[in-house]
Amino acid sequence: MKRFLNKMKRAGQHDIQQSYSFEDKLFFRKGDDLSVVNQEGHLMGYIIRTYDPIDLLHYDMTKKSIYSFQDCNGEMISSVGVKRRNGLDTKGNEYLFQDHKQAVTYSLQKQKMSLTFRVKGHINDCFFEMAEGHLKEELICRSEEKMFAVIHYDNSSYKVEIEVLYQPHSSLIHPSFLTLMYCIFRMEGK
């Protein structure tokens with residue numbers, strides 16, 4: 001995938017507009033946070049683990065499964081968590097993504113029969129899909145079947161880098177969305 005991205009950059013087909021990075025602290029505890037910075041090293045916000053979801057309280061959520069993104073001023077931008085399943089449910093996990101700014105909640109469904117990790121759903125009337133890449137240690141984000149971001153993670157150094165390839169919708173490329181999509185992947189124990 002990196003070779004493909006470098007080839008695209010050299011050909012001038014896509015300029016990477018944004019990139020974000022953070023250090024993944026394995027299973028971080030309540031009170032810990034992960035600082036998210038952009039390509040210039042400017043702080044964009046924090047990923048926090050919370051046991052008291054703000055707007056997800058009226059949903060039946062799995063305990064210890066809520067992660068939120070706060071901006072630099074401590075304002076909650078978005079949250080994600082695992083919806084509790086019925087014992088007979090044959091579907092994969094359902095994740096709820098809450099956009100606090102727009103006061104809207106989106107549902108993403110894990111594809112249970114997929115050989116690799118894959119979630120799908122509709123966000124802002126756009127089809128969204130995130131899946132493990134063919135190569136290990138990367139997640140591909142697609143909107144309307146077109147790849148718009150790649151999340152690279154290194155299991156040995158816990159470094160996570162997110163590269164935005166183009167802008168399908170401004171909310172899909174925001175660090176609050178992309179970092180929490182990585183948290184969904186981590187919640188699956190990957």
Order LYS159, LYS91, LYS136 by their accessible area, 1.4 angstrom probe, all chains in place, largest first. LYS136, LYS91, LYS159
For region 148-153, in residue order, the Karplus 3J(HN,Hα) values (coefficients 6.51, -1.76, 1.60; θ = phi - 60°; whole Hz; Gly and Pro = x) are 10, 8, 10, 10, 9, 9
Residue-span extension gain [ARG85 to CYS126] - 0.36 nm each, minus C-alpha spacing: 12.2 nm
Relative contact order of region 18-189: what whole-number percent is it, with Cα pairs under 8 angstrom and at least 6 residues apart? 17 percent
With a 10 Å radius around each residue's Cβ, average the other Cβ atoms per peptide and rank 75-83, 100-108, highest first. 75-83, 100-108
Separation in nanometres of the label points that stand 7 Å from Cα toward Cβ, at VAL104 and VAL37: 3.3 nm
Stretch LYS159-SER114 to full length: gain in nm at 0.36 nm per residue minus the Cα-Cα span? 13.6 nm
At 1.4 Å probe size, what's the solvent-accessible area of ARG142? Round to the nearest 10 Å². 70 Å²
What percentages make up the Cα-Cα pair-distance distribution of region 18-189 when the bins are 5 Å wide from 0? 1, 8, 18, 23, 23, 16, 7, 2, 0, 0
Accessible-area order for CYS141, CYS126, CYS72, largest to smallest, probe 1.4 angstrom, reads CYS72, CYS126, CYS141
Give me the percent of accessible area attributable to carbon and sulfur for region 66-129, probe 1.4 angstrom. 47 percent
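The values are calculated or read from the model by the stated rules, or taken from the named source; none is laboratory data. These figures come from a predicted structure and were not determined experimentally. Every residue, glycine as well, gets a Cβ built from its backbone with ideal geometry; the counts of neighbours run over all protein chains shown. Heads up: the accessible areas ignore ligands, DNA and RNA and are worked out on the full protein's heavy atoms, side chains in. Shrake-Rupley method; radii C 1.70, N 1.55, O 1.52, S 1.80 Å.
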